[in-house]
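**Q** Attaching a single structure in structure tokens format; questions to follow.
Laboratory data are not the source of any read-out in this text; all were calculated from the coordinates shown. These numbers were taken from a predicted model, which means no experiment stands behind them. Because the Cβ atoms are built from the backbone with ideal geometry, glycine has one as well, and the counts that use them run over all protein chains shown.
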């Protein structure tokens, strides 16, 4: 490569902010001396391991550094801030999206949503990461590309495609986070269905049907009756998730008909 071309390549990379270079692993490595004992991948892997064990609240730069045998200041050469570390962790933890193996946009988005849900259920702390901007990491972009490819044969414009991604992605995060919160708030021996049944029975006793007629009918209905003991709680949760997703996709179908 000529000197001019080499300088041009360096200039192009220098135009990319340092956090994005680290996120995409564009940082140039030194060829002098021994390989560095610490790098971005090691820092991120250690942080994710802590989050998997202790939750997102357990992740601090000093704790990550200690787990690696380094001082906290050593991490700043590889991770500029706690916010940047969270971005790096999110992209790493998401992993590569699965192949959807379908040409049908609706089935593709359904599989995409369930695949994301599986990731978040495996690592619930992902739903606690504050949103600091649009998807920017290679794995985040890969998930976006997979969903956009699913919608590429539709008549939706870019604005509507992005809206669909935001709606479904937000729904997945909200449902996983809600389920996690409810599970944490109830007795370990009490199933979700039983908890909802008992809560509904208590509300029926105090809700005035003249003041709240529809709500009173709702909690008096069979919706919150606990299922038979041989019905897995996971099946009920899957049914709830599927119903909500179906309503979203029905709305997307209506918009496609209008396009």
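**Q** Ranked highest first by average number of other Cβ atoms within 10 Å, how do 136-143, 150-157 line up?
**A** Those peptides, ordered most packed to least, come out 136-143, 150-157.
**Q** Sticking with this one: At what distance in nm do the modelled label points of residue 52 and residue 20 sit from each other, each positioned 7 Å from its Cα along Cα→Cβ?
**A** 3.1
**Q** Can you give the FRET efficiency for residue 131 and residue 222, using 1/(1 + (r/R0)^6), R0 = 45 Å, r = Cβ-Cβ distance, to the nearest 0.05?
**A** Calculated transfer efficiency: 0.75.
**Q** Moving on. How high is the FRET efficiency from residue 71 to residue 178, r the C-beta distance, R0 25 Å, rounded to 0.05? Each step should come with its number before you reach the end.
**A** Working: r = 39 Å, r/R0 = 1.57.
Step by step, r from the Cβ atoms, then E = 0.05.
**Q** When the chain is fully extended, how far beyond the present Cα-Cα distance does residue 114 get from residue 37, taking 0.36 nm per residue of separation?
**A** Length gained between residue 114 and residue 37: 23.9 nm.
**Q** Okay, next question. Can you give the relative contact order of the range 42-146 as a percent, counting alpha carbon pairs under 8 Å and 6+ residues apart?
**A** The value is 30 percent.
**Q** Residue separation times 0.36 nm, minus the C-alpha to C-alpha distance between residue 153 and residue 104: what's the value?
**A** 16.8 nm
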